1. Tell me, yes or no, whether the stretch 264-276 has at least one residue that is open to solvent by less than 50 Å² (accessible area, probe 1.4 Å), out of contact with any Phe, Trp or Tyr (no Cβ under 9 Å at 6 or more places or on another chain) and under 17 Å from Ser192 (Cα atoms).
2. Looking at (1) crowded, with 17+ Cβ neighbours inside 10 Å; (2) at pLDDT 95 or above, which one does Asp117 not meet, given that it meets all the others?
3. Does the stretch 249-286 hold any residues that are modelled with pLDDT of 95 or more and of a type in the set (Gly, Ala, Ser), and which are they?
4. Within the stretch 264-354, which helices (runs of 4 or more DSSP H) (wholly inside it) include 3 or more residues that are not charged (D, E, K, R)?
5. Is there any pair with a first residue in the stretch 25-52 that is in contact (Cβ under 8 Å) with a residue 12 or more places away in the chain and a second that is small (Gly, Ala, Ser) and open to solvent by 30 Å² or more (accessible area, probe 1.4 Å) whose Cβ atoms are under 7 Å apart and which are 6 or more apart or on different chains, and what are they?
6. Can you tell me how many residues within the stretch 28-43 are surrounded by 15 or more Cβ atoms within 10 Å (Cβ to Cβ), farther than 19 Å from Leu75 by Cβ and among the small types (Gly, Ala, Ser)?
7. Is it the case that the stretch 79-89 has a residue that's open to solvent by less than 70 Å² (accessible area, probe 1.4 Å), part of a loop (DSSP other than H, G, I, E, B) and at positive phi?
8. All but one of (1) aliphatic (A, V, I, L, M); (2) assigned to a loop (DSSP other than H, G, I, E, B); (3) at pLDDT below 95 hold for Ala239; state the number of the condition that does not hold.
Amino acid sequence: MTPAARTQAAIELLDAIIASAAAGGAAADTLIARYFATRRYAGSKDRRAVRELVYAAIRHAGPVPASGRAAVLTLADSDTALADSFDGSTHGPAPIEPAEPRAAGGVAPAWLVEALDRSGLTEAQQAALIDRAPLDIRVNSLATTREAVLAEWSDAVPTPRAPLGLRLPTGTPVEQSELYRAGLIEVQDEGSQLVGAALAAKPGEWLVDLCAGAGGKTLQIGAAMDNRGALLACDIDRARLQRLAPRAERAGVTIVESRLLNPGREREMLADWAGKADGVLIDAPCSGTGTWRRNPEARWRLTPDRLDRLRAMQAQVLSVGAGLVKPGGRMVYIVCSLLDAEGRDQVDAFLAANRAWSVETPTVGTPHGAGHRLDPATHGTDGFFVACLRAPC
């Protein structure tokens, strides 16, 4: 592909990503994969260059751009080589007109920036939300040690805080490695490892991962339990939950029972666990503002109405989770969001309605309300809010 053709491909992909964000369709990674699946002539260098240009344009644009061309033009204003690729050639974009609209820069749409401001995030903390994320893995303690993996993987370095975490060069094909295939490692951001460890899982306990998804934290909990006890992994998303069984088999986590829940019938379907769990982990559905480094177009998908729906779901899963905890047991509430509406405010509302519950301090992050917070600028991790709650005896 010529430089002009690469630029035109990026514009076309950005148009598709903008439309998909508005319609709640496929994510950028999926759209890029589909695009190149039908364009076999594009070599690996072409695909890499187009992908990098697409994501650079996404990260630069705070509000949703008017078009893919407007998003790329903003970058071209400070990149002579990119501007020269607007040459009007057969497979390239038309020449630039000085008065053409450009995408506005920034961290996010204005309403979201205001919400981040109200949540106490500085400009530097907000800017870091759209940096590129590192590649972290978690060593499976059921199968090996961090020292053994370090001996096998020379370019890995220990993560600063997670005792089983390693950081690899960006782009490392982890899932193609023999260590991954053998179940010795899992891809998991250091922040995710830290907040998952806040449950303090112990062998022999009865634990619930209430919003398990594909099971990343479930596997972490199972390893901490040394495959002893009972571990229930639940979700309302069948496709995501079905990914857990093969992952658990590969990791050697044998104590997991997965259970698909019907929205609105969670209490009925979990009646056999009511008041029996030593601990419940709630990695609640949220806006994902803390994961924008990995999914920067998610800023364009979130709306005030969607945030309100998520908040209602969060309050619901907190209530369901509390009903599973035995007297004196614990509940850990997590969101990969830095908006107080989804973190601090949710826990404050729960405690106001459940005054006999108490708060414990997790050994992670920076104190924030009744919980703690991790953010990319301060901790080098994805963004999380985590709170540890104790049921009355």
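The values are calculated or read from the model by the stated rules, or taken from the named source; none is laboratory data. On a predicted model such as this, the values are computed, not experimentally measured, just so you know. Here the Cβ positions follow ideal geometry from the backbone for every residue, glycine too, while neighbour counts run over all protein chains shown. Accessible surface areas use protein heavy atoms only, side chains included; no ligands, DNA or RNA. Shrake-Rupley method; radii C 1.70, N 1.55, O 1.52, S 1.80 Å.
1. No: zero hits.
2. (1)
3. Ala251, Gly252, Ser258, Ala271, Ala274, Gly275, Ala277, Gly279, Ala284 - these are the residues of the stretch 249-286 that are modelled with pLDDT of 95 or more and of a type in the set (Gly, Ala, Ser).
4. Working: elements: 266-269, 298-301, 304-324, 344-353.
Hits in the stretch 264-354: 304-324, 344-353.
5. If the second residue must be small (Gly, Ala, Ser) and open to solvent by 30 Å² or more (accessible area, probe 1.4 Å), the pairs left are Leu31/Ala16.
6. Residues in the stretch 28-43 being surrounded by 15 or more Cβ atoms within 10 Å (Cβ to Cβ), farther than 19 Å from Leu75 by Cβ and among the small types (Gly, Ala, Ser): 1 in total.
7. Within the stretch 79-89, one or more residues are open to solvent by less than 70 Å² (accessible area, probe 1.4 Å), part of a loop (DSSP other than H, G, I, E, B) and at positive phi.
8. Checking Ala239 against (1) aliphatic (A, V, I, L, M); (2) assigned to a loop (DSSP other than H, G, I, E, B); (3) at pLDDT below 95, the one that fails is (2).
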